[in-house]
1. In nanometres, what is the gap between the two model label sites at residue 71 and residue 38, each 7 Å from Cα along Cα-to-Cβ?
2. Return, ordered by residue number, the residues of segment 37-51 whose backbone nitrogen is under 18 Å from a label point located 7 Å along Cα→Cβ of residue 91.
3. As a footprinting exposure proxy, order 18, 149 by other Cβ within 10 Å, with the fewest listed first.
4. Taking a virtual spin label 7 Å from the Cα of residue 150 along the C-beta vector, which residues in segment 35-70 bring their backbone nitrogen under 19 Å of it?
5. Calculated FRET efficiency, residue 168 and residue 124, Cβ-Cβ r, R0 35 Å, to nearest 0.05?
6. Using label points projected 7 Å from each Cα along Cα→Cβ, tell me how many nm separate residue 53 and residue 30, to one decimal.
7. I need the per residue convex hull volume for segment 1-93, using only the alpha carbons, in cubic angstrom as a whole number.
């Protein structure tokens with residue numbers, strides 16, 4: 001197997017449970033993921049543990065579900081799994097709140113204390129004010145932690161770009177409702 005194998009070739013090899021392809025992906029993205037995890041305040045030990053869990057989950061999805069990624073790369077998929085696992089760990093430690101707001105790019109805001117119940121109440125009230133389709137997309141993405149591709153498979157959306165656009169509009173609407181609630 002060539003070190004310069006394409007994403008499609010690597011996916012085929014992963015689906016056939018090729019351990020060399022898995023090792024290639026592991027080594028190729030390891031240091032970049034560890035650097036990525038540092039921005040969440042994780043030490044190297046925990047970051048490596050999460051990376052290994054993400055690799056195992058990705059491998060399982062390719063082998064058992066015969067996963068085919070069409071709208072992103074293996075790296076993006078792997079880092080998505082890793083990010084979910086990082087946020088889950090931080091949430092368990094109750095030291096992080098992630099609010100993603102679409103502007104030009106995603107921004108993340110971290111808070112070093114548990115989420116106040118007043119904020120949860122505001123979120124609940126504002127979620128009641130958005131459309132059912134917005135609630136469903138946000139729930140699938142943020143509460144059930146599904147990927148964009150998984151949301152496409154579970155819903156009537158035609159592709160990942162449509163889901164991303166809809167999610168972005170829903171987040172903007174939710175953000176504006178928060179501003180109105182705070183100022184009103």
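1. Those two pseudo-labels are separated by 3.2 nm.
2. Answer for segment 37-51: 40-42, 50-51.
3. Values: 18 16, 149 19.
Ascending Cβ contact count within 10 Å gives the list 18, 149.
4. 50-70
5. Working: r = 22 Å, r/R0 = 0.62.
According to the calculation, E is roughly 0.95.
6. In this crude label model, residue 53 to residue 30 measures out at 1.9 nm.
7. On the way: hull volume 8.8 nm³, N = 93.
Each residue corresponds to 94 Å³ of Cα convex hull volume.
Every number in this text was worked out from the coordinates using simple rules, so none of it is lab data. What you see is a predicted model; the values in this text were computed from it and never measured. Every residue, glycine as well, gets a Cβ built from its backbone with ideal geometry; the counts of neighbours run over all protein chains shown.
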